[in-house]
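Contents: one structure, followed by commentary.
The values are calculated or read from the model by the stated rules, or taken from the named source; none is laboratory data. Since this is a predicted model, take the numbers as computed values, not measurements. Here the Cβ is made from the backbone with ideal geometry for all residues, glycine too, and neighbour counts use every protein chain on show.
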């Protein structure tokens, strides 16, 4: 994610830079949030936002996808 904003120093500054650049037709941000922890396993909520140029309609579209999933540490 940080590759889209090399001058950013954290997620917030990268998000502001990506969202503030209306010229960038292909941009995306992914945010993870821990919503539950059980032993060495976590449930993450993942929010994925993207801005893409739709060549068929000749307009910029924004999409948001959200899902939750388990992530465990294998020993």
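General observations
- Sole residue being without any contact (Cβ under 8 Å) to a residue 40 or more places away in the chain and under 16 Å from the mean Cα position of the chain (by Cα), chosen from 68, 7, 56: 68
- Checking every residue in the stretch 30-38 against the condition of being more than 11 Å from the chain's Cα centre (by Cα), assigned to a loop (DSSP other than H, G, I, E, B) and either in contact (Cβ under 8 Å) with a residue 60 or more places away in the chain or farther than 14 Å from residue 64 by Cβ (or both) gives zero matches.
- Residue in the stretch 61-72 that is exposed (fewer than 12 other Cβ atoms within 10 Å of the Cβ) and outside any strand (DSSP E or B) present: no
- Residue 15 falls short on exactly one of the conditions (1) at pLDDT below 80; (2) in a strand (DSSP E or B), and that condition is (2).
- Any hit, the stretch 23-33, residues being surrounded by fewer than 10 Cβ atoms within 10 Å (Cβ to Cβ) and on the phi < 0 side of the Ramachandran plot: yes
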